[in-house]
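Heads up: the structure comes next, in structure tokens.
The values are calculated or read from the model by the stated rules, or taken from the named source; none is laboratory data. Since we're looking at a predicted model, the values are computed, not measured. Glycine also receives a Cβ, built like all others from the backbone with ideal geometry; neighbour counts cover every protein chain displayed. Ligands, DNA and RNA are excluded from the accessible area calculation, which covers all protein heavy atoms including side chains. Shrake-Rupley method; radii C 1.70, N 1.55, O 1.52, S 1.80 Å.
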Amino acid sequence: MSRELLAVIEQIGREKGIDAGRILEAVESALLTAAKKKYGAAENIQVRIDRKSGEVEAISLKKIVNEVTNPKSEVSLEEARKVDTEAELGDEIGSVIEIEDFGRIAAQTAKQVIFQKVREAEWEVVQREYSARQGDLVNGIILGQERRNYIVDLGKTEAILPAHEQIPRETYRRGDRIKAYLLEVKRTQRDVQVILSRTHPNFIVKLFEAEVPEIAEKIVEIKGVVREPGDRTKIAVASRDRAVDPVGACVGMKGSRVQAVVRELRGEKIDIIAWTQDSRVFIAEALNPAVIEKVGLDEEKKSALVVVADNQLSLAIGRNGQNVRLAAKLTGWKIDIIGASEYEKERVVRDQETRAAIALQLQEQHARLVQAESAAAAAQQASAQEAEPEAAPAAGGPDSEAATG
């Protein structure tokens with residue numbers, strides 16, 4: 001059994017990518033479980049496998065005491081000295097247990113524990129390897145579908161592409177090759193789940209990194225990605241090198257690079273936009289493919305009013321408002337769009353309202369001025385009357401006579 005055991009463990013280790021030492025520990029644990037199943041959990045049993053020879057040794061240890069109260073874990077000094085003449089009180093003495101004596105049930109238990117330990121070791125390997133690859137692109141083969149979730153073979157493990165992470169209207173058959181974004185690695189009580197996604201915005205980022213060397217080399221930076229999977233994606237890019245056109249780098253010669261991404265997405269439309277700090281320009285670019293005439297901003301409300309030619313209005317808004325909705329998400333601004341004719345009508349109304357308001361304001365100012373002038377004149381007249389002296393008495397009057405008399 002010894003050499004065969006080591007050979008089997010080494011083979012399992014190579015096939016599963018598990019350290020042989022860990023499998024040996026699992027086997028020791030399994031044999032210990034089987035031994036306790038056979039002889040009782042109270043037994044103090046130790047199981048050890050020799051790492052070189054593969055020999056399995058199971059020993060039942062008992063403590064040497066004066067008076068035995070638990071025969072499964074204790075032995076008298078007299079009995080112990082029959083085995084070892086130098087035994088002393090307080091020592092532990094062991095007796096070898098024959099592996100063959102474990103019995104059929106014990107052997108089945110050992111097999112189950114070994115299987116479980118090997119599976120746990122496999123899960124740890126999968127978790128460690130795929131956790132390190134989280135956020136990367138992975139390639140796999142469709143194994144089948146279960147409750148609308150696709151099961152994908154990644155080579156060393158199976159992954160799940162959930163229904164909510166699938167691009168709408170996209171279907172696969174068994175044996176189809178698939179490329180996806182490694183979204184998450186979760187450890188559960190039963191296994192390790194590797195979750196894939198084809199709807200995540202970072203799936204677009206990774207596809208462009210694979211197709212555009214300037215992005216992989218950090219010359220061109222992806223500033224933002226928004227998408228409605230299966231319909232349209234908007235991606236904002238900027239260049240760290242003035243000599244490199246970020247949009248041209250992503251489009252490629254005759255559109256080769258962006259078309260490779262579009263094919264992978266089964267025809268999803270992609271708008272590539274040059275990122276800029278100028279909010280007006282960025283909003284206008286984000287509404288591509290519509291041509292924008294004017295952009296007005298309200299910084300406090302973080303809202304923008306965009307004016308387009310009447311024949312561009314439906315294009316700017318998009319089907320069911322998709323284009324303007326994605327542009328708003330990409331720029332972070334609330335965007336309202338109106339046609340040029342409507343804007344002109346509103347402008348005329350606004351001008352009329354403005355002129356009327358100005359005229360009213362001027363009238364009010366004139367009235368206040370007239371009122372102020374009238375008040376000033378009245379005050380001046382009152383002041384003059386108060387300052388005028390009283391009239392002198394007439395000559396020869398009674399007062400005059402009294403004075404001379």
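At 222 nm, what helix-only mean residue ellipticity would the chain give, in deg cm²/dmol to the nearest 500, using -39500 (n - 2.57) for each DSSP H run of four or more?
So the helix-based figure for the chain works out to -14500 deg cm²/dmol.
Would you mind calculating the relative contact order of the chain from Cα pairs under 8 angstrom and at least 6 residues apart, reporting the percent as a whole number?
That works out to 8 percent.
Pull up all non-local amide H partners of R133: gap of 5 or more, or a different chain, and H-to-H distance under 5 Å with H placed in the peptide plane.
Correct list: empty.
Calculate the translational D of segment 175-331 in whole µm² s⁻¹ from Stokes-Einstein, where the hydrodynamic radius comes from the Kirkwood formula applied to all Cα pairs, the temperature is 10 °C and the viscosity 1.306 mPa s.
Rounded, D is 93 µm²/s.
Under 1.5 on a/c is rounded, so check that first for segment 188-237, then, if it is not, pick prolate when a/b is larger than b/c and oblate when it is not; a ≥ b ≥ c are the square roots of the alpha carbon gyration tensor eigenvalues.
Oblate is the answer for segment 188-237, as a/c is 1.5 or above yet b/c matches or exceeds a/b.
Taking the dipole about the Cα centre of the chain, with the C-beta of Lys and Arg at +1 and of Asp and Glu at -1, give me whichever of A356, A87, S53 is farthest to the positive side.
Of A356, A87, S53, it is S53.
Tabulate in residue order the Karplus-calculated ³J(HN,Hα) for segment 72-77, using 6.51 cos²θ - 1.76 cosθ + 1.60 with θ = phi - 60°, rounded to whole Hz; enter x for Gly and Pro.
Per-residue couplings from phi come out as 6, 10, 10, 9, 6, 4 Hz.
Which residues' amide hydrogens lie under 5 Å from the amide hydrogen of I270, considering only partners 5 or more residues apart or on another chain, with H built in the peptide plane?
Residues meeting the amide H criterion: T233.
Using only Cα atoms, find the angle between the long axis of helix 322-331 and the longest principal axis of the chain, and express it within 0 to 90 degrees, rounded to the nearest 10.
Relative to the chain, helix 322-331 is tipped by roughly 90 degrees.
Where does helix 103-132 land angle-wise versus the long Cα axis of the chain, in degrees 0 to 90, nearest 10?
Value to nearest ten degrees: 30.
Calculate one ³J(HN,Hα) per residue across segment 359-364 by plugging θ = phi - 60° into the Karplus curve 6.51 cos²θ - 1.76 cosθ + 1.60, and present them in order as whole Hz with x for glycine and proline.
4, 4, 5, 5, 4, 5
I'd like to know how the chain sits against the 2.2 N^0.38 Å rule of thumb: what's its Cα Rg over that expected value?
Relative to the 2.2 N^0.38 Å estimate, the chain comes out at 2.12.
Here is the link list: K179/K223; K37/K63; K218/K254; K186/K218; K156/K218; K52/K72. Which ones come out longer than 27 Å on Cα distance?
Listed pairs above 27 Å: K186/K218; K156/K218; K52/K72.
Whole-Hz Karplus ³J(HN,Hα) for segment 188-204, in order, using 6.51 cos²θ - 1.76 cosθ + 1.60 and θ = phi - 60°, x for Gly and Pro?
My calculation for segment 188-204 gives 10, 5, 9, 6, 10, 9, 9, 9, 10, 8, 10, 9, 5, x, 5, 4, 5 Hz in order.
Over the chain, with every protein chain in place, what whole percent of the accessible area is carbon and sulfur at 1.4 Å, could you tell me?
Exposed carbon and sulfur together represent 48 percent of the surface.
What Rg and what Dmax come out for segment 239-369 when only alpha-carbon atoms are used, in angstroms?
20.7, 75
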